[in-house]
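S.K.: The structure follows.
The values are calculated or read from the model by the stated rules, or taken from the named source; none is laboratory data. Given the structure is predicted, the values throughout are model-derived calculations rather than measurements. Cβ coordinates were reconstructed from backbone atoms using ideal geometry, including for glycine residues, and neighbour counts include every protein chain displayed.
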Amino acid sequence: MDVIINTEGSCDSKEGRLLKSQGLAVLNLLACGGYDLANPPVGNLLKSSRNLEGDWVILTPMHWQASHNDAVIVAIDKDLQVTDDEVKYWFDLYFAYLAEEGISLYYYDKYTWLLRVDDKPPLNAKPIYQVLNKSLMPELSQLDETMYWQKFFTESQMFFSSNPRKSLINGIWAWGSGQLKDKNTISICTDKHFLNIAQVYSSKVTLYDPSVNLSGFEIVLLESIDSLSELHQVEIKKIRSHWYWNNCVLIKEKSHWFTRLWRSLTHAD
């Protein structure tokens, strides 16, 4: 069983073998389904869960720092230390800016915006979690051959930096343009938060209820472990399983073949 939780875990190596997480529950879900995470289909997975038309990619608000010959993304998500109102302020401003160019932007959640790209050149970008605190120059050079996305990146940074309002948000990273496969048949038990996403991903999805038998599912996908009843929180820890938190993957059994497979799928260092 794979247990995917959209929060950070304690990552105690005494409980088993620790591997690198992909930083986000939906990325760990895609990895469990065999997707190559060099360019995962997160944009189209999320847009399908909201019944949006067209092709979409992810825009992640970020804080980056530049030197005379390089740039590095240094903060995303909670490390931006921004309120909901502040994020909405920047989204609305950026929404209006892109609308002038005929480009559609959609607010998915605080740290996830969607950009419609039907008529745009193909984007080849790694998930932001893979490029965090690393040199951006190699990544920018391979975004696309037409230089459209390099220009989009640069102009977006100029837009954010030109605003006098002080904030750690000073740019965005576009990613998640891969193609979504047909629904698989992996059995998933999930909470309300991930129900729509799970139903796009698989044809065998059950909404969690305290009466279900968790051991009968291949994947348990949750926003928080607290989504489970107290009894199930105890029971699930006794089941032989792989635990995927946003900051680590915990393998609670001897599984050398899985370690090799996970590293090949996630391009772990």
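S.K.: Tell me yes or no: at least one residue of segment 105-112 is surrounded by fewer than 20 Cβ atoms within 10 Å (Cβ to Cβ) and over 26 Å from ASN246 (Cβ atoms).
M.R.: no
S.K.: Please determine, by comparing only the residues of segment 21-50 that are touching a strand residue (DSSP E or B) at 6+ places or on another chain (Cβ under 7 Å) and modelled with pLDDT under 95, which one is surrounded by the most Cβ atoms within 10 Å (Cβ to Cβ).
M.R.: Applying the filter and picking the extreme gives SER21.
S.K.: Can you list the strands (runs of 3 or more DSSP E) found entirely within segment 140-213 that contain at least 2 residues being out of contact with any Leu (no Cβ under 7 Å at 6 or more places or on another chain) and closer than 25 Å to PHE91 by Cα?
M.R.: Counting at least 2 such residues, we get 171-175.
S.K.: Of ILE239, ILE225, which residue is over 18 Å from GLY33 (Cβ atoms), among the β-branched types (Val, Ile, Thr), modelled with pLDDT under 95 and outside the structural domain of LEU93 (by TED's automatic domain parsing)?
M.R.: Result: ILE239 is the single residue among ILE239, ILE225 that is over 18 Å from GLY33 (Cβ atoms), among the β-branched types (Val, Ile, Thr), modelled with pLDDT under 95 and outside the structural domain of LEU93 (by TED's automatic domain parsing).
S.K.: So, one more: Filter segment 212-253 down to the residues that are among the basic types (Lys, Arg) and either under 16 Å from LYS20 (Cα atoms) or in contact (Cβ under 8 Å) with a residue 40 or more places away in the chain (or both) and list them by number.
M.R.: Correct list: ARG240, LYS252.
S.K.: For segment 201-217, enumerate the residues that are closer than 22 Å to VAL42 by Cβ and surrounded by fewer than 15 Cβ atoms within 10 Å (Cβ to Cβ).
M.R.: If the condition is that a residue be closer than 22 Å to VAL42 by Cβ and surrounded by fewer than 15 Cβ atoms within 10 Å (Cβ to Cβ), then SER203 is the only one that fits.
S.K.: Here's another thing I want to ask about it. (1) more than 21 Å from ALA125 (Cα to Cα); (2) touching a Pro at 6+ places or on another chain (Cβ under 8 Å): which one isn't true of ASP191, the others all being true?
M.R.: Unmet condition: (2).
S.K.: Could you count how many residues in segment 114-139 are of a type in the set (Lys, Arg), outside any strand (DSSP E or B) and in contact (Cβ under 8 Å) with a residue 60 or more places away in the chain?
M.R.: Adding up the residues that qualify gives 2.
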